[in-house]
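Single-structure report; data block below.
The values are calculated or read from the model by the stated rules, or taken from the named source; none is laboratory data. Computed from a prediction, not measured in an experiment: that's the story for all the values here. Glycine gets a Cβ as well: all are built from the backbone with ideal geometry, and neighbour counts include every protein chain shown.
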Amino acid sequence: MMITKRDNQLFQKLSTHGMLSTKQVTSFIFNSIARTTALRRLRILEANHYLKRITGLDGHDVLWVLTDKGANAAGVSTPKKSWSKNILQHDYKLISLRLELEKSGIAQTWIPEHEIRSLIYKKYGLLKGKQKLIPDGLMGIEVMGKFGSVAIELELTLKNKNRIKDIVTRYQEKKDLSAVWYIASSQTILNSFFREWRNHQGFNKTIKLYGSLFEEVIKNPVEATVFSEGNACKIKDIWRIKPAHTPAHGVSRQQVTNTDTENRLTHENQTNKMDYLFQHKAVVITDLTLPTL
């Protein structure tokens, strides 16, 4: 079969984000095409083994992922080979969150969890790598002309107190992060993290803790409320909003200098991202060690 330019755009988008729902595919790739035409094309690509569908979401939406054949056709990589049914809802909401943050121009760059995990395992090996704290994503932001890194944590269920304490402790030991941003399904979950953050004796004032409600952020990221210690403001008031780049046409990477006065983010080829980050010590999560629980 003939692979069209639009097919290649879809393959690239799936390579960047891992998976997309039918609604997201029609919005980002087939936005000026009839939905029936888009669905017919997806079924053709599936029948010819370029795409694979995944079911199991609460809302019964169909998710689409890239196969090795589809990746080879577009000259891109397949980000993940399998998707756990147990965390499918979490992964889908995380990808939806990333799409909205990039679309709104809040996220200047984004390194997803599976790339961070691969990077850590490459450096430390499987055994030690499993003891590292791996955020759901690492987002690049800009504040007053300076660039920084924000660890993203999407929390849909309340963790037990000891688990929260361990996570908070490890985050507060870091000096290279600008902030940790917890995006939760309820205020109760946010309160639990803020409480442990305040109670930790080794409180690190250089790292900020932010909290937001998922439904607010996904609906309108720029206007969503961000809670911090004793304050609440809009996202647009703390991070600079820029026109977002198009992930399907390139993947960003992050450069972080070792000085306090300059942090820069650039957009480069995905293939060189991991080695580049190792060389420049830009992946600030590699020392976020978490005891095996």
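Results, tabulated for the structure shown:
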| item | result |
| --- | --- |
| So Arg117, is it among the basic types (Lys, Arg) and either in contact with a Lys or Arg (Cβ under 7 Å, 6 or more places away or on another chain) or within 14 Å of Val150 (Cβ to Cβ) (or both) | no |
| Filtered residues of the stretch 125-167 (kept if more than 23 Å from Glu196 (Cα to Cα) and among the small types (Gly, Ala, Ser)) | Gly125, Gly129, Gly140, Gly145, Gly148 |
| Residue that is in a helix (DSSP H, G or I), polar (S, T, N, Q) and loosely packed, with under 15 Cβ neighbours inside 10 Å, where the choices are Asn31, Asn8, Asn72 | Asn72 |
| Residue in the stretch 50-61 that is modelled with pLDDT of 95 or more and not in a strand (DSSP E or B) present | yes |
| The stretch 126-147, subset at pLDDT below 90 and among the small types (Gly, Ala, Ser), residue surrounded by the fewest Cβ atoms within 10 Å (Cβ to Cβ) | Gly145 |
| Residue within the stretch 39-49 that is hydrophobic (A, V, I, L, M, F, W, C) and touching a helix residue (DSSP H, G or I) at 6+ places or on another chain (Cβ under 6 Å) present | no |
| Residue in the stretch 58-65 that is without any contact (Cβ under 8 Å) to a residue 40 or more places away in the chain, in contact with a helix residue (DSSP H, G or I) (Cβ under 8 Å, 6 or more places away or on another chain) and either surrounded by fewer than 17 Cβ atoms within 10 Å (Cβ to Cβ) or at positive phi (or both) present | yes |
| Residue tally, condition within 12 Å of Lys23 (Cα to Cα) and small (Gly, Ala, Ser), over the stretch 35-58 | 1 |
| Members of the stretch 72-112 that are in contact (Cβ under 8 Å) with a residue 24 or more places away in the chain, more than 13 Å from the chain's Cα centre (by Cα) and farther than 19 Å from Thr22 by Cα | Ala73, Ala74, Val76, Ser77, Ser104, Gly105 |
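Residue by residue, here is whether (1) at pLDDT 90 or above; (2) over 20 Å from Pro221 (Cβ atoms); (3) crowded, with 18+ Cβ neighbours inside 10 Å holds:
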| site | (1), (2), (3) |
| --- | --- |
| Asn160 | yes, yes, no |
| Ile164 | yes, yes, yes |
| Lys174 | no, yes, yes |
| Ser178 | no, no, yes |
| Thr188 | yes, yes, no |
| Glu196 | yes, yes, yes |
| His200 | no, yes, no |
